[in-house]
Amino acid sequence: MNILAAVSRKIGAPMHLEECQLEEPRDDEVLVRLIATGICHTDMAMRDHKIYPIPHPAVFGHEGGGIVEGVGRSVTSVRPGDHVVLSFGFCGHCQACESHHPSYCEHFDDYNFHGTRGDGGTPLSQEGTPISFFQAQSSFATHTVCNERHVVQVPKTIPLDLLCPLGCAVQTGAGGVINSLGLKFGQSIAIFGTGSVGLCALMAAKMVGASEIIAIDRNPARLALAKELGATVIVNATDGPVVEAVRRAVPGGVDFTFETTASMTLLRQATEVLARRGTCGFVGGIPAGTEVTLDVEWMMTGGRSFRGIILGDSDPKSFLPKMAKAIENGSFPIDRIITRYPFERINDAIADSESGKSIKAVLQFPA
Ligand SMILES: [Zn+2]
Ligand SMILES: [Zn+2]
């Protein structure tokens, strides 16, 4: 079928809305009409080949939310008319997938970053020229096809422009705090970076009842919002040494740190403010080969841990419906970080994301 997609043709260049062709869903795939999609910094990093050289032309976007329009013959979990959010790709049969940790799928890169579905084919083309498919969905488009495994049904009572960030920012931030770190009522956390992932982590920490939530950034407006969303202490990194500020706020250190900025300087600091037996979790678009120096004696003698996290250890079909409920009942006020744009203003939305003017830009598609 013909669809309208935001095609990316060059590193750093604007995307253009162009007519493309989308294959019919295969037996195990779902055809989805997009209603909304979030924009994530990974979209721009991928456009610019900073993490992975996905061949151009490509259609990015990996926080899609929409309505099922058709299903392949073997699809049983959703049917036309259902509201869904689209998640990351995974194989479904490796050891990680079978133990419900699909974000550590052995074939993760094949399913998400190689420009194809995972089997070498892309459902997207233009006049016969293949177009790279991204993160099992390419949601910067009016329609997509997605394997049933990566499609999560959500209640129709919650607007899809609030739910679409479940596919990446919410899984990464809230999942990181709840699933990966296992933050419990009464524990403390310092969150480095108050972008969409950092603020999702913060809202999750507030939701589970953290005693101290320290938010660290350089942007005063973001820090003010962090305070409104539940930060007990805000630290502006431009005001002086961050480690001292956190230690002043929580003598003895914090139980957890969550580093979202991909800065190795901050990552090191995130280990230095840990309490004994504390854990530093880190996320973000960190290129292969990146190194950081740790004080190993400090980590060892205090029983401190250092933990990489992908997509919040989320098993999307079980975790995302719970987060949708939290959004619906107001305990996870994601609307506070969303700025909406019509699809045709995608380049403005990207510019505002890159400048920091928008925290979570969400594109809305024409009905
Ligand atoms: Zn993302
Ligand atoms: Zn797998």
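Derivation of every value follows stated rules applied to the coordinates shown; laboratory data play no part. Please read these numbers as outputs of a predicted model, since none were measured by experiment. Positions of Cβ are backbone-derived with ideal geometry, glycine not excepted, and every protein chain shown enters the neighbour counts.
Listing for the model above:
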read-out: Magnitude of the charge dipole, the chain, Cβ model with Lys/Arg +1 and Asp/Glu -1, debye to 20; value: 1000
read-out: Length-normalised contact order for the stretch 173-310 - Cα pairs under 8 Å, 6+ apart - percent; value: 22
read-out: Computed over the chain: relative contact order in percent, which uses C-alpha pairs under 8 Å that are six or more apart; value: 18
read-out: Cβ-placed point charges (K, R +1; D, E -1), dipole of the stretch 211-355 about Cα centre in debye, nearest 20; value: 360
read-out: Ordering of 148-155, 300-307, 346-353 by packing [mean C-beta count within 10 Å, highest first]; value: 148-155, 346-353, 300-307
read-out: Linear extension gain, Glu228 paired with Thr290, 0.36 nm per residue minus alpha-carbon span; value: 18.9 nm
read-out: Magnitude of the charge dipole, the stretch 77-208, Cβ model with Lys/Arg +1 and Asp/Glu -1, debye to 20; value: 520
read-out: Share antiparallel - DSSP beta bridges, the chain, percent rounded to 5; value: 55
read-out: Protection proxy ranking, peptides 104-111, 134-141, 118-125, average beta carbon neighbours within 10 Å, highest first; value: 134-141, 104-111, 118-125
read-out: Residue (of Ala245, Gly284, Gly198) at the positive-pole extreme of the chain, dipole from beta-carbon charges; value: Ala245
read-out: Residue among Cys146, Thr76, Thr257 farthest towards the positive dipole end of the chain, charges placed on Cβ; value: Thr257
read-out: Theoretical gain in end-to-end length, Glu244 to Thr265 [0.36 nm per residue, Cα-Cα removed]; value: 6.1 nm
read-out: DSSP-assigned coil residues among chymotrypsin sites (Phe, Trp or Tyr not before Pro) in the stretch 178-259, each with at most 16 further Cβ atoms within 10 Å; value: Phe185
read-out: Selection from Ala226, Thr37, Ser305, by position along the positive dipole direction of the chain (Cβ); value: Ala226
read-out: Euclidean distance between Cα centres, the stretch 12-31 to the stretch 147-206, Å; value: 27
